[in-house]
1. Full extension from Asn146 to Asp235: what is 0.36 nm times the residue separation minus their Cα-Cα distance, to one decimal in nm?
2. Could you tell me how far the Cα centroid of region 75-111 sits from the Cα centroid of region 6-41, in Å?
3. Less than 12 Å Cβ to Cβ from Thr153, Lys/Arg counted +1 and Asp/Glu -1: what total charge do the surrounding residues give?
4. Would region 205-313 count as rounded, prolate or oblate if I go by the C-alpha gyration tensor, calling it rounded below 1.5 in a/c and otherwise prolate when a/b exceeds b/c, oblate otherwise?
5. Using the Cβ atoms and a cut-off under 12 Å, what net charge is assigned to the surroundings of Ser99, where Lys and Arg are +1 and Asp and Glu are -1?
6. Once you've got the GNM for the chain with C-alpha springs shorter than 10 Å, pick whichever of Thr179, Thr96, Thr71 has the biggest mean-square fluctuation.
7. Nearest 10 degrees is fine. How inclined is helix 266-288 to the longest principal axis of the chain, computing both from alpha carbons?
8. Antiparallel as a % of all DSSP beta bridges within the chain, to the nearest 5?
Amino acid sequence: ELLLEVDEWTGFTRHFAHLKSGDPAKDKNLLLTTILADAINLGLTKMAESCPGTTYAKLAWLQAWHIRDETYGAALADLVNAQFRHPFAEHWGDGTTSSSDGQNFRTGSKAESTGHINPKYGSSPGRTFYTHISDQYAPFHTKVVNVGVRDSTYVLDGLLYHESDLRIEEHYTDTAGFTDHVFALMHLLGFRFAPRIRDLGDTKLYIPKGDAAYDALKPMIGGTLNIKHVRAHWDEILRLATSIKQGTVTASLMLRKLGSYPRQNGLAVALRELGRIERTLFILDWLQSVELRRRVHAGLNKGEARNALARAVFFNRLGEIRDRSFEQQRYRASGLNLVTAAVVLWNTVYLERAAHALRGNGHAIDDALLQYLSPLGWEHINLTGDYLWRSSAKIGAGKFRPLRPLQPA
């Protein structure tokens, strides 16, 4: 019912067009059933059993012809844009900052051989859903990656290739999300990069001259910068950044290649030196600015809260990925991200209505406190049981569900 209501507001299901004809799905309920099967990790077979009147053959046909990466991406952009433009979302941010984080899901059954082991997540093989979330809590990009690959490889993909109207200027990650190459490319592509670096005392600064002029920082100085090398390869650096910006090559592919180059590779070394400049400037800002540290922590906390919602939605099959094909695993991640975005939008709309209702009943609400609300709650959403699409559940254009009556104090 939540998905039906959100679709009435945004019409996101229109993007799931037929692969050949381009026509929208004739049965919207069947389409939403297929999306939900991905999102809650139930699969088409079990979903057909849980949805009276639906068969596996119908769901499989609809998935084959209407579900694709590009249709999921366009539908997600609709939901993110709707939440971005909602006035209540401004209490949480202006849509110019974001964070990203990887969430590990174990692989089991037939998919176990497709997973990889990362000691960080234990001894079980798994996959990572790497998700970008805006400061307004909207998850605007997700990607399925190997758990053995450093998160920093995929940071730029979400910032450059999402389809929403968000204009991200500053981005936060944890320690796994940064390398010197990422610092350099972030700067070249117009983003301010602000990772939360673990063991900051062991992180070295790099200076253009000898350390005589920086006595107070002497314990942190790790060496001098090779500015001449950056100048010598400047044209190559610009060509690389332009190719990534235009989509000629993806950022993640180039970062993997740069990381695998021999140490003497000129472009890789020059980009590393440029990244050291940016990392040094950032660390100095971090040490001096309490506000910067607060922003980064707040942004990353939003991502952690979103992961909790995603884990609750993706509850079937013990929360394990059991699809062998990478395509099906991508659909799982995209369906999960789409449904969590729908929950965020729905909660945003009804949080505003609840605030207006309280004010209408004479309750004083301080606007300064609204920023501490979150649209990530799911206690009021029933995720289990049979999945029925009742025509009576449709609210109608311009209408909303009644709120619960106020309880006397």
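1. On the way: separation 89, 0.36 × 89 = 32.04 nm, distance 3.26 nm.
My answer for the length gained is 28.8 nm.
2. 19
3. Numbers: positive: Lys143, Arg150, Arg256, Lys257; negative: Asp151, Asp157.
Net charge around Thr153: +2.
4. Working: a/c = 2.60, a/b = 1.15, b/c = 2.25.
Since a/c reaches 1.5 but b/c is at least a/b, the shape of region 205-313 is classed as oblate.
5. Values: positive: Arg196, Arg295, Lys302, Arg306; negative: Asp101, Asp135, Asp151, Glu170, Asp174, Glu304.
Charge balance near Ser99 sits at -2.
6. Most flexible of the set in this elastic network: Thr96.
7. With rounding to tens, the tilt is 80 degrees.
8. Numbers: 18 of 29 bridges.
Roughly 60 percent of the beta bridges in the chain run antiparallel, per DSSP.
Each reported figure results from applying straightforward, stated rules to the coordinates on display, with no laboratory input. A quick note: this is a predicted structure, and the numbers were derived from the prediction, not measured. Neighbour counts run over all protein chains shown; Cβ positions are idealised from the backbone, glycine included.
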